[in-house]
Amino acid sequence: MNSEVLLPQSSVPAGGAVLNPFVIVDDAAGLVDFVSGVFGVAENAEVRTQMPDGKLIHAQLRLGGVDLMIADRLEGWPLRPGLLQVWVRDVGSVLQRGNAAGATTVTEPTPFYGEVTLGRMLDDWQNIWWLWAPAPGQADPAPAWEGGSNVVFSTLDKTLKSLTPGTPPAH
């Protein structure tokens, strides 16, 4: 389907995506290091923009074809962490890497619909990462309303309710 509004993917500069998330956090440089280490991607150093006080007004990492943009929260700005979905090769290993870098597992690797494994982690900047991996041949789980597990919803619900809006996490 072609959109009369969106730029065609092939026309996006530098091979980027049509939609790219931008998060505002405290300690943007720390989040850049976290993302780089956990997902094995490099920051695009050419676009890093640091203010005279050392805060980052722009940092960028490419995960697949999408650029994750990150900035430090400035005075008067609210925190704007993200709910971010990433396709990975192995959910469990990414959760381990995230835990080693300070993240908390929200949802252990769990069979999901469409031959997919799902896991989630909460980083120190209040971003929740949905981790997806293909699981060919894996059967779909039974829905909670048919006696199946409710872990996919319940773990997310518990985590979101535990977060206090506008309160930066302890680093």
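The values are calculated or read from the model by the stated rules, or taken from the named source; none is laboratory data. Note that this is a predicted model, so its numbers are computed, not measured. FYI the Cβ positions are ideal-geometry reconstructions off the backbone, even for glycines, and counts take in every protein chain you see.
Overview of results
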quantity	calculated
Test: residue in the range 145-152 that is surrounded by 13 or more Cβ atoms within 10 Å (Cβ to Cβ) and within 27 Å of Ile24 (Cα to Cα)	yes
Which listed residue is of a type in the set (Val, Ile, Thr) and closer than 25 Å to Gln138 by Cα, from Val35, Val91	Val91
The range 1-31: number of residues that are touching a residue at least 24 places away in the same chain (Cβ under 8 Å), part of a loop (DSSP other than H, G, I, E, B) and surrounded by 14 or more Cβ atoms within 10 Å (Cβ to Cβ)	6
Search result, residues across the range 42-81 that are assigned to a strand (DSSP E or B), of a type in the set (Asp, Glu) and more than 19 Å from Leu131 (Cα to Cα)	Glu43, Asp72
Test: residue in the range 32-39 that is surrounded by 12 or more Cβ atoms within 10 Å (Cβ to Cβ), at pLDDT 95 or above and not in a helix (DSSP H, G or I)	no
Residue among Leu68, Leu79 that alone is in contact (Cβ under 8 Å) with a residue 60 or more places away in the chain and in contact with a Lys or Arg (Cβ under 8 Å, 6 or more places away or on another chain)	Leu79
